[in-house]
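Heads up: the structure comes next, in structure tokens.
The values are calculated or read from the model by the stated rules, or taken from the named source; none is laboratory data. None of these values were measured; they are calculated from a predicted model. Here the Cβ positions follow ideal geometry from the backbone for every residue, glycine too, while neighbour counts run over all protein chains shown.
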Amino acid sequence: MKTLFPIALLAASLTAATMPVRAAQPDVLAVKQITLELARDIAMASVEACRQEGYNVSAVVLDRAGNVQVAMRDTLASRHTLEIAERKAGMSIMSGIDSGEFLAARGDIRPELNHIDGLIVMEGGLVIRAAGSLIGAVGVSGAPGGDKDAACAAAGLKKVEERLEFAM
């Protein structure tokens, strides 16, 4: 019994010495989160940009986790535009890039991804970054073409650009 203890202690020491050293991970993370007010302003500015072009659209803003923060449907926009806008934004959250950019890079897997709840590979979803951090995405649907949806979403982001750049 006396000889087993030193052998066990030596084995434990060798095991600990050969394990990789890892930095301590914090128990709580500080993350940037989009506010209701910022999400509302982005969605409304996106809808208004499309209105100026004569398009009736929906705009949906998702938070960084893909949860709906704001959903707006213009008066004459089809009810289906809400779901499509949400799914476009979902694609941007999942990929971390604009949905049109993802479509151009990975259109080959479009059919598979379009069957996943909350995702659709179409133009019109743009990421929202604040001070370099992904805080959400905006999706727009209802204009005659994803490029026009994306332009309206970009106009919505442009409207709050200063707030995003100087976010802490």
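Odds and ends about this structure:
- Val28 being at pLDDT below 95 and either more than 19 Å from Lys158 (Cβ to Cβ) or assigned to a helix (DSSP H, G or I) (or both): yes
- In region 143-168, residue surrounded by the most Cβ atoms within 10 Å (Cβ to Cβ) [restricted to those that are more than 19 Å from the chain's Cα centre (by Cα) and not in a helix (DSSP H, G or I)]: Ala143
- The number of residues in region 103-133 being in a strand (DSSP E or B) and either of a type in the set (D, E, K, R) or buried (at least 17 other Cβ atoms within 10 Å of the Cβ) (or both) comes to 6.
- Flag if Gly100 is over 23 Å from Arg163 (Cα atoms), of a type outside the set (Ser, Thr, Tyr) and part of a helix (DSSP H, G or I): yes
- Residue selected from region 22-61 under the condition touching a residue at least 40 places away in the same chain (Cβ under 8 Å) and hydroxyl-bearing (Ser, Thr, Tyr), by the criterion farthest from Ser99 (Cα to Cα): Tyr55
- Here Val31 qualifies as at negative phi and loosely packed, with under 11 Cβ neighbours inside 10 Å.
- Among all positions in region 62-79, there is no residue which is of a type outside the set (Val, Ile, Thr), modelled with pLDDT of 95 or more, in a helix (DSSP H, G or I) and under 26 Å from Ala131 (Cβ atoms).
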